[in-house]
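The values are calculated or read from the model by the stated rules, or taken from the named source; none is laboratory data. This one's a predicted model, so the numbers in the text were calculated from it and none came from an experiment. So basically every Cβ, Gly included, is an ideal-geometry build from the backbone, and we count neighbours across all protein chains shown. What goes into the accessible areas is simple: the full protein's heavy atoms, side chains included, and nothing from ligands, DNA or RNA. Shrake-Rupley method; radii C 1.70, N 1.55, O 1.52, S 1.80 Å.
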Amino acid sequence: MATELRCSDSMPCHNQQVSSASTPNPEPQQPGDLISDLAGGNSDSKPKPTLLTGHAHCSVPAEPDPQACGGASLNSESNGGGGNYDTPASDSLLGDCELSRQIGAQLKLLPMNDQIRELQTIIRDKTASRGDFMFSADRLIRLVVEEGLNQLPYKECMVTTPTGYKYEGVKFEKGNCGVSIMRSGEAMEQGLRDCCRSIRIGKILIQSDEETQRAKVYYAKFPPDIYRRKVLLMYPILSTGNTVIEAVKVLIEHGVQPSVIILLSLFSTPHGAKSIIQEFPEITILTTEVHPVAPTHFGQKYFGTD
């Protein structure tokens with residue numbers, strides 16, 4: 001079951017930057033940097049090196065970069081990445097606590113464990129082979145899809161076992177469909193079909209206009225009765241959120257209510273998730289990680305065009 005972002009006002013957020021009370025840190029530390037532990041105040045003792053590592057859900061640098069999102073290109077999100085392996089795409093690098101206050105229950109995270117963490121690591125590793133990358137991506141997609149199905153409504157039912165006993169169980173209600181945002185969203189289609197063999201899947205192609213650099217819908221094909229269905233919207237990387245916002249607008253034009261849309265994503269930036277929820281407060285976002293750096297190379301490496 002996906003977990004909602006919550007935090008207690010009396011407890012510090014797990015991803016807040018740790019600073020020394022006696023020695024100010026003039027420069028922001030990045031994951032992997034070594035810092036000296038001088039909290040003891042003993043100048044004669046050797047400083048103890050400490051390795052700053054990333055966090056499972058969200059990592060916040062000491063000094064937010066106000067220009068981090070200003071130069072982000074929509075095209076890097078709409079075509080699955082512009083070649084950069086990791087691109088900051090947040091004008092406000094929020095921690096889990098602040099993110100939960102601003103977004104709330106609409107943003108759901110898969111419970112973090114070492115298996116998910118390893119898959120995320122392989123996907124982000126620029127030295128990973130394409131075979132390892134695709135294998136890890138498909139596994140992570142399957143986990144997200146399975147949890148996405150958990151968000152759909154079901155009803156109780158009674159079945160008869162081979163031994164003649166009655167068993168009280170549940171079955172999903174009919175009227176669901178998937179919609180992939182091309183191109184990178186197509187990578188998630190097989191994972192959905194592996195779980196729902198007969199599910200109908202629509203497609204949306206959104207790219208940035210060459211003249212205006214604004215999001216433009218080039219293609220949209222849905223089941224004719226999509227307005228009566230619950231929609232699993234598939235897009236693996238949420239960077240700026242602009243592509244998803246345009247896709248949801250297209251779905252609304254076809255009669256779909258935001259409250260029945262579940263966005264399945266692998267990675268999201270705080271800015272991307274916040275932008276989508278601010279535009280459509282009733283939509284549900286399901287992802288494995290909220291991090292200011294998004295692996296925007298995903299689509300290119302998955303389809304072998306990097």
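Say the dipole of the stretch 99-303 comes from +1 at the beta carbon of Lys and Arg and -1 at that of Asp and Glu; which of I206, M158, I261 then lies farthest toward its positive end?
M158
Between the stretch 230-299 and the stretch 158-182, what is the separation of their alpha carbon centroids in Å?
Answer, in whole Å: 27.
DSSP loop (so not H, G, I, E, B), at most 11 other Cβ within 10 Å: list which GluC sites (Glu not before Pro) in the stretch 98-207 pass both filters. Walk me through the numbers before you get to the answer.
Working: sites: E98, E118, E146, E147, E156, E168, E173, E186, E189; in loops: E173.
Sparse-neighbourhood loop GluC sites (Glu not before Pro): E173.
With +1 on the Cβ of every Lys and Arg and -1 on the Cβ of every Asp and Glu, and nothing else charged, how large is the dipole of the stretch 99-303 about its Cα centre, in debye rounded to the nearest 20?
300 debye
What distance in nm separates the simple spin-label points at Q278 and R130, each placed 7 Å from Cα in the Cβ direction?
3.8 nm
When ligands, DNA and RNA are left out and all protein chains stay put, how many square angstrom of accessible area per residue does the stretch 99-303 have with a 1.4 Å probe?
47 Å²
Hey, if you put +1 on the Cβ of every Lys and Arg and -1 on every Asp and Glu Cβ in the stretch 99-303, which of P295, L233, G178 ends up farthest toward the positive end of that dipole?
G178
When the solvent-accessible surface of protein heavy atoms is calculated with a 1.4 angstrom probe, in what order do Y167, Y302, Y218 fall, highest first?
Y167, Y218, Y302
Evaluate the relative contact order of the stretch 99-303 (contact order divided by residue number), counting alpha-carbon pairs under 8 angstrom at least 6 apart; express in whole percent.
24 percent
Please compare each pair in K126/K301; K221/K249; K203/K274 to a cut-off of 21 Å on the Cα-Cα distance and tell me which ones are over it.
Over 21 Å apart, Cα to Cα: K203/K274.
Counting only protein heavy atoms and using a 1.4 Å probe, what share of the accessible area of the stretch 204-306 belongs to carbon plus sulfur, as a whole percent?
44 percent
What is the dipole size for the stretch 134-192, taken about its Cα centre, with +1 at each Lys and Arg Cβ and -1 at each Asp and Glu Cβ, in debye to the nearest 20?
Working: 7 positive and 8 negative charges, 22 e Å.
Charge dipole, the stretch 134-192, about its Cα centre: 100 debye, nearest 20.
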